[in-house]
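Report on the structure given below.
The values are calculated or read from the model by the stated rules, or taken from the named source; none is laboratory data. Note that the structure is a prediction, hence the values are computed from the model and not measured. Note that we place each Cβ from the backbone using ideal geometry, even for glycine, and neighbour counts take in every protein chain shown. These accessible areas exclude ligands, DNA and RNA; they are computed on the full protein's heavy atoms, side chains included. Shrake-Rupley method; radii C 1.70, N 1.55, O 1.52, S 1.80 Å.
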Amino acid sequence: MIISIHQPHYFPWYGYFDKIRRSNVFVLLDDVQFEKNGWQNRNKIKTKNGVQWLTVPVRHKSNQLLNTIEINGNKWIRKHINTIEQTFKCKNKIEWKGIKRLIEKDYKLLSDLNYCLIEFISSKIFGFDTFFVKSSDFNIKSENADDRIIKIVNTLNGTKYIAGISGKGYMDLDKYKNHFRVTFQNYKEEEPLSILHRILK
């Protein structure tokens with residue numbers, strides 16, 4: 001059983017989905033602290049006028065967990081749709097119609113919006129058979145990141161864990177030896193951009 005874990009991002013780059021493709025179970029790490037100005041509520045696309053950010057406005061306080069972050073209003077929805085359609089000329093593309101329907105649902109929580117977009121793109125557009133779960137479903141408490149990962153993967157009876165390449169710099173690999181095998185994803189892309197560039201080009 002191959003497991004990978006990542007925070008739910010807004011229209012993440014293809015490397016994110018490459019990790020999903022390689023996994024039997026993908027855990028959306030939604031009960032960690034929200035990162036202001038991170039990738040959880042925004043991403044960038046390249047338009048004819050240069051790089052532009054697509055940002056979902058949110059209400060947040062310091063140290064607030066990601067799965068409690070509320071989306072602030074719905075005015076951004078039309079703006080994102082218009083920007084995406086003008087950039088990719090995708091108004092009549094089947095892939096875009098499905099994504100657009102999800103954006104227009106007007107979610108209350110940011111994590112729910114991201115979860116639905118990631119799952120839809122993975123299963124309906126790319127055809128991955130990866131199973132998705134949320135880390136909050138396990139209610140695992142641990143101040144140490146390594147211990148948290150080990151507990152999650154063991155709960156899912158994982159035999160292999162795929163970590164991001166940056167994990168080599170901070171993971172205590174000795175802790176994992178008696179639990180499961182750890183491998184590192186080394187996916188490279190010339191210019192990492194939102195997955196929209198891959199599916200709507």
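What to note about this one:
- The chain: angle of helix 110-120 to the longest principal axis, Cα-based, in degrees nearest 10: 90
- For log10 I(q)/I(0) by the Debye sum over Cα atoms at q = 0.14 Å⁻¹, calculated from these coordinates, the label among [x] -0.85; [y] -0.93; [z] -0.77: [x]
- Degrees, to the nearest 10: 75-88 long Cα axis against longest axis of the chain: 80
- A straight Cα-to-Cα reach below 23 Å connects LYS46 with the lysines LYS36, LYS75, LYS79, LYS89, LYS91, LYS93, LYS97, LYS100, LYS188, LYS201, residues fewer than 8 places away in its own chain not being considered.
- Where labels lie 7 Å past Cα in the beta-carbon direction, separation of THR159 and ASN63 in nm: 4.2
- Candidates per trypsin sites (Lys or Arg not before Pro) in the stretch 119-185, loop by DSSP, up to 16 other Cβ within 10 Å: LYS141, LYS177
- Surface exposure of the stretch 107-201, expressed per residue as accessible area with a 1.4 Å probe, stands at 57 Å².
- For LEU54, residues with placed amide H under 5 Å, excluding near neighbours: ASN43, LYS44, ILE45
- Between ASP129 and ASN92, the FRET efficiency estimated from the beta carbon spacing at R0 = 35 angstrom works out to 0.80.
- Rolling a 1.4 Å probe over the protein heavy atoms of the chain, with every protein chain left in place, gives an accessible area that is 46 percent carbon and sulfur.
- Those trypsin sites (Lys or Arg not before Pro) in the stretch 14-99 that DSSP places in a loop and that have at most 12 other beta carbons within 10 Å: LYS36, LYS48, LYS61, LYS89, LYS91
- Dipole of the stretch 25-147 computed with +1 at Lys/Arg Cβ and -1 at Asp/Glu Cβ about the Cα centre; of SER142, HIS80, ASN63, farthest Cα towards the positive end is HIS80.
- Cβ-placed point charges (K, R +1; D, E -1), dipole of the chain about Cα centre in debye, nearest 20: 780
- Between amide H atoms placed 1.01 Å from N, distances below 5 Å from PHE184 occur with ALA163, all of them 5 or more places distant or on a separate chain.
- Positive-end residue of VAL51, PHE131, ILE5, charge dipole of the chain with Cβ unit charges: VAL51
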